[in-house]
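The values are calculated or read from the model by the stated rules, or taken from the named source; none is laboratory data. Just so we're clear, the structure is a prediction, and the values are computed from it rather than from any experiment. Cβ: placed from backbone, ideal geometry, glycine included. Neighbour counts: every protein chain shown. Only protein heavy atoms, including side chains, enter the accessible area calculation; ligands, DNA and RNA are left aside. Shrake-Rupley method; radii C 1.70, N 1.55, O 1.52, S 1.80 Å.
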Amino acid sequence: MPIKFYAPHWGNTLPFATFCQNVKDAGYDGVEMALPLEADESREIVATLKDHDLELIGQYWQSFESDLDEHSRNYEKYLRHLIAARPVFINCQTGKDFFTFEQNRHLFDLAARISEETGVKIIHETHRGKSLFAAHIARDYFTRLPDLRICLDISHWCNVHESLLENQIEAVNLAISRADHIHSRVGHPEGPQVNDPRAPEWEDTLNTHLAWWDKIVETHRANGTQLTVTTEFGPANYMPVMPYTQLPIGNQWEINVFMMNLLKQRYA
């Protein structure tokens, strides 16, 4: 089954219809993004995606509340709002790094119930500041929650552990076995995003990420299951910037298209 590729809406400053046309022309299958809670605005976004024959991966990242009850209410509100748009699936930055296992488990269970009720798949991203923020922590969740499926954005773990995870092989392999979606950003020991993956000084770091992604591709091909990838290099200030001017030192759009084409060629 062919791998599907999605562009991040994160960082876009163009009119949405122009952005969608660029996404389509570049060869993406769709867009990964959150939707505003305002109903008319959300419907217009979904209609514009449809006009350009682009799919939607719903994105949830609004995990701010420290009180679990308030957090849960907002979590469910956003998930149901995204589900109304009938996305391919929803990718969630679920929970908080300072919540206990049981608190985060409450949110995973809530997502599972909503998914079962609505038929929309919900997966959970390995993201700093969230429940799956570190390899050893995620390993514990995977061991105790056998049905937990994820978006693997392993760049965050490189940053958290200040390494390319040489000492976390078992946790990484377990994460790979749970991954249904990839964020193909390249992280490094001192940050979640290299300045430009095309630069020769990042060759070893890029190849390390490619080896991880190769294993995910191999697993999905063996199982005959759909794999999706969002090329999620971010804008300034996630992308390193120049001092004083704060201008980004790379071009987010060009880097993401490069990553898509690199992976398309690699996995053709």
message: Viscosity 1.002 mPa s, temperature 20 °C: what is the translational diffusion coefficient of the stretch 1-65 from Stokes-Einstein with a Kirkwood Rh over Cα pairs, rounded to a whole number of µm²/s?
response: 173 µm²/s
statement: If each part is reduced to its alpha-carbon centroid, the stretch 214-232 and the stretch 53-111 end up apart, in Å, by 23 Å
field: Estimated 222 nm signal from helices in the chain, with DSSP H stretches of n ≥ 4 weighted -39500 (n - 2.57), rounded to 500
entry: -14500 deg cm²/dmol
field: All-pairs alpha carbon distance profile, the stretch 1-154, 5 Å steps from 0, percent
entry: 2, 9, 18, 21, 19, 15, 9, 6, 2
message: Can you tell me what share of the DSSP beta bridges in the chain is antiparallel? A percent to the nearest 5 is fine.
response: 10 percent
query: the stretch 132-186: D in µm²/s via Stokes-Einstein (Kirkwood Rh, Cα pairs, 20 °C, 1.002 mPa s)?
result: 192 µm²/s
query: Using the Cβ atoms and a cut-off under 14 Å, what net charge is assigned to the surroundings of Glu55, where Lys and Arg are +1 and Asp and Glu are -1?
result: +1
message: Need the list of aspartates and glutamates near Lys121 for cross-linking: C-alpha distance under 16 angstrom, and skip anything on the same chain fewer than eight residues off.
response: Glu32, Glu55, Glu76, Asp109, Asp147, Asp180
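Hey, what's the Cα Rg ratio for the chain versus the globular rule of thumb, 2.2 N^0.38 Å? Working shown, then result.
Working: Rg = 17.8 Å, N = 268, 2.2 N^0.38 = 18.4 Å.
Normalised Cα radius of gyration, the chain: 0.97.
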Where chymotrypsin sites (Phe, Trp or Tyr not before Pro) fall in DSSP loop in the stretch 12-70, at most 16 other Cβ within 10 Å: Trp61, Phe64
message: How large is the direction-averaged shadow of the alpha-carbon convex hull of the stretch 66-183, in nm²?
response: 6.9 nm²
message: What does the net charge come to around Thr208 if you take all other residues with beta carbon closer than 14 Å to its beta carbon, with K and R at +1 and D and E at -1?
response: -3
message: Heavy atoms only, 1.4 Å probe, whole protein assembly: order Ser177, Ser72 by accessible area, highest first.
response: Ser177, Ser72
Residue-count net charge about His9 - beta-carbon cut-off 12 Å; Lys, Arg +1, Asp, Glu -1: -2
query: D for the stretch 47-97, whole µm²/s, Stokes-Einstein with Kirkwood Rh over alpha-carbon pairs at 20 °C and 1.002 mPa s: what number?
result: 179 µm²/s
- prompt: Leaving out same-chain residues fewer than 8 places away, which lysines sit with a Cα under 22 Å from that of Lys264?
  reply: Lys4, Lys24, Lys215
query: Listed highest first by mean packing, meaning other Cβ atoms within 10 Å per residue, what order do 134-142, 100-108 come in?
result: 134-142, 100-108
